[in-house]
Every structure is written in C-alpha cells, then in structure tokens.
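**Q** What follows is a structure written as structure tokens; I'll ask about it next.
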Amino acid sequence: MADDKAIQAPAVNTTAAAPAAAPAPHSGSRGHDNRGGDRRGGGGGGGGGNRRRGPRQDRDGDGKSDLFEKVVSVNRCAKVVKGGRRFSFSALLVVGDRNGKVGIGFGKANEVSEAVRKATEAAKKRMENFPRREGTIPHEALGVFDGARVLLRPASPGTGLIAGGVVRSVIEAAGLRDVMTKSLGSSTPSNVVRATLDALRQLRSQDTILKLRGRTIRAKAPKVDKTEKAV
C-alpha cells in the first residue's frame, strides 16, 4: 500500500530547449531609408535633380517702371459666413507718367497686395493724354461725376498745387505744377477722382481750338528798332 500511495515524481525533460530566434537586424532607420535614390543628386528613382528657382523677373523685362503710382483709397468689406467673417479688399489707384498722361484703376481681391496689383494693371490700360501749358492747364474747367464737382483753374508759375489729397494725386500724376483746385459736393474718393478726370478731359490746347474754328496762328512780325527806322 505504501508503494501504491507513493507519489510518482513527474518525468523531467532532459533535452535543452532550443533558443528563441533572434530578431532580424533592421536595415536602417526610417530617416535613412533611401527610397528612390538621392533626390538632391538627381540619381535613382527618377529624382528631379536640383530644381532651384531663379529670381522672379518682371513682366515688363527690366523690373523698373517710370510711371507714378499712388494708392488713393483701400476699402475693406466683411462677409459673415458660418465659420466667421470673410474679408475682401478693394483698391483705387492713380497711374501717370508726369507728362500729361493719367489713368485710374479699381481692383478687388481677398488680399490688399493683389487688389493693388489689379488696380495698377487696370489703370495702365486706361491712360489718357491731357494738354498742358508751361506746367499748368490752358484754361479753367469744371468736372462733374455723380455728386462730386471739381474746379480747376490755371495759376502763375511758382504757385504750386493747391488741392486736396485725392485731387492732388491725379494732378501730380499728370505732371502739373501750378494749379488751383476746389472740390465741391461729394467727398467720396472714387467720385472725386472721376470728377477730376472729367475736368481734365474738357481741356483744349490753343491749336485745337483754332482748328475747330478754322483759323491759323499768325506769325508775329519782327520788332523794328526805332533808331534804325529814323536813320
């Protein structure tokens, strides 16, 4: 009975367990994975090579412009949408060569710089020639646009420009030096600028008026010295 009750010890496996397989060595870190070759050198995987952009060139060619450009006004408009407010900008600009040629432009965009660029391009396409006479205008003119009225009067040399900010920008772009002006009625910049241009369009040179009347300028007779005539 003692032998039957004896607890038999479990058999011990004398064979050594096989060691676990070691993990395969990593070919390289993720940052050093050379997929597609070295793109900087242009090799392997159809890399694009060293594509560095050069300096941006101006569309006119030399990147310089002799035109006088001045921003008259910039307005901001806010549109309320679901996510908040969306802003847009409009710019009014004057361009001239200071030699009797002026144009105005209006541009709208989501950025101020883009609105100014559009206004500049529009102004360059709408430039007009106006007559001048020794740094001033040949005669008086009254320009009207909507509720704005602008009066232009010629002035003697040395008077300078007597004008407000909006009218002055147009006159400076035209190259006038001695002019007296008066803004009447509306003070909206867009209306004042267009009224100033309307006044400049009414200007006529002396030759143009004589041609319309069918006359010509008579040459002045040379002056005769009285002493020579008495002899």
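The values are calculated or read from the model by the stated rules, or taken from the named source; none is laboratory data. Small disclaimer: the values here were computed from a predicted structure and weren't measured. Positions of Cβ are generated from backbone atoms using ideal geometry, with glycine treated the same way; all protein chains shown enter the neighbour counts. Calculation scope for accessible area: heavy atoms of the full protein, side chains included, ligands and nucleic acids excluded. Shrake-Rupley method; radii C 1.70, N 1.55, O 1.52, S 1.80 Å.
**Q** Consider only pairs whose beta carbons are under 7 Å apart and that are at least six residues apart or on different chains; among these, list those whose first residue lies in the range 109-134 and is under 21 Å from I171 (Cβ atoms) and open to solvent by 100 Å² or more (accessible area, probe 1.4 Å) and whose second residue is aliphatic (A, V, I, L, M) and not in a helix (DSSP H, G or I).
**A** Partner pairs satisfying both residue conditions: R126/I104.
**Q** Taking the range 82-108 as the region of interest, how many residues are over 18 Å from K118 (Cβ atoms), touching a residue at least 40 places away in the same chain (Cβ under 8 Å) and open to solvent by 40 Å² or more (accessible area, probe 1.4 Å)?
**A** Looking only at that region, the number is 4.
**Q** Looking at G158, is it part of a loop (DSSP other than H, G, I, E, B) and among the small types (G, A, S)?
**A** Numbers: part of a loop (DSSP other than H, G, I, E, B): yes; among the small types (G, A, S): yes.
Yes; evaluated as a whole, the condition is true for this residue.
**Q** Which members of the range 67-116 meet the condition of being of a type in the set (K, R) and in contact with a strand residue (DSSP E or B) (Cβ under 8 Å, 6 or more places away or on another chain)?
**A** Within the range 67-116, K70, R76, K79, R85, R86, R98, K101, K108 meet the criteria.
**Q** Where the second residue is of a type in the set (A, V, I, L, M, F, W, C) and the first is in contact (Cβ under 8 Å) with a residue 60 or more places away in the chain and lies in the range 154-169, which pairs have Cβ atoms under 7 Å and are six or more apart or on separate chains?
**A** V166/V72; V166/V192; V166/V193; S169/V72; S169/V94
**Q** Right, next: Considering each residue of the range 166-209, count those that are aliphatic (A, V, I, L, M), in a helix (DSSP H, G or I) and either closer than 17 Å to K101 by Cβ or more than 29 Å from the chain's Cα centre (by Cα) (or both), and give that number.
**A** Residues that pass the stated criteria total 9.
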